[in-house]
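Only the coordinates and a few stated rules stand behind these numbers; no lab work does. It should be emphasised that the depicted structure is a prediction, and the values quoted were computed from it without experimental measurement. Glycine also receives a Cβ, built like all others from the backbone with ideal geometry; neighbour counts cover every protein chain displayed.
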Ligand SMILES: [Cu+2]
């Protein structure tokens, strides 16, 4: 049992140890394996094949397991390290300590968006990006997208997702407008409001966070740690709510075999959503 802390409460020693463990995984090549796994399971609505990770009910359990795998890898380097979370409704500007030089570093420079500060700046020699969706070897960010500013999700926008009492709904993809899952994952149609909550955060950071190679930016883990916390909080707010779909979809359903119901194993770990509904035997969130 261990605790995931709010990143704003980490001591400077805890920050240093988190950063060192991440850099160790990068050196060993394990970090890039995580990026590759995320890319391999990024299957959109319009593509063929099972959709375990995105635009799908198992968005939450898939990422819970993905974070656990990453956290176990970090803990093999340093058993005291856990994945902190970033509450983007509170620490919602590029001036937040999250982006300081001794933690994740800051935004990218004008022009090529190359990150120039902090431990993950390419010029340190410790953070070369491989196998991503762009051929740029350096980490890029565009915090807040100054050329066409967007804001991080507000508490009201988050509440719009959290107050939704039903977990998910047909057609179980990016087009569904009701249900907690897509209101938090954030695929909505139309205009600047198109990206909600989780997706809006990816947009706000910019750079590699925009695409399937998003774990190339270590902030990915802090963002998804908060998303994982929110799933937990939603379950407590709605104690009678259940994961949906409950049972395998019928053969006539266009999503049959493409989305995972409660007892259908998710690639690549062959673990069922039902096995990931509760994390409290493994870790807790500091509140
Ligand atoms: Cu993802």
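Listed values, structure above:
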item	result
The range 1-151 shape via C-alpha gyration tensor axes, a/c threshold 1.5	rounded
Chain lengthening between residue 145 and residue 11 when straightened (0.36 nm per residue, less Cα-Cα)	45.3 nm
Percent antiparallel among DSSP beta bridges (both partners in the chain, rounded to 5)	50
Semi-axes of the equivalent ellipsoid for the range 127-280, Cα gyration tensor, largest first, Å	28, 20, 16
Radius ratio Rg over Rh of the range 137-224, counting only Cα atoms, Kirkwood formula for Rh	0.99
Estimated FRET transfer efficiency when R0 is 35 angstrom, pair residue 123-residue 44 (beta carbons, to 0.05)	0.55
Nearest-0.05 FRET efficiency for residue 270 and residue 80, computed from C-beta distance (R0 25 Å)	0.25
Net length gained if the chain between residue 116 and residue 95 were fully extended (0.36 nm per residue, minus Cα distance)	6.0 nm
Three-way shape call for the range 155-199 based on the alpha-carbon gyration tensor, with the a/c threshold at 1.5	oblate
Highest to lowest packing among 85-93, 50-58, scored as the average C-beta count within 10 Å	50-58, 85-93
Relative contact order (%) - the range 2-285, alpha-carbon pairs under 8 angstrom, separation at least six	22
Per-selection Kirkwood Rh - the range 194-287 (Cα, Å, 1 d.p.)	15.7
Crossing angle, helix 219-237 versus the chain [Cα axis fit, 0-90 degrees, rounded to tens]	40
Förster radius 41 Å - calculated FRET efficiency between residue 236 and residue 102 (Cβ-Cβ, nearest 0.05)	0.75
Cα pair distances exceeding 28 angstrom across the range 2-285, given as percent	33
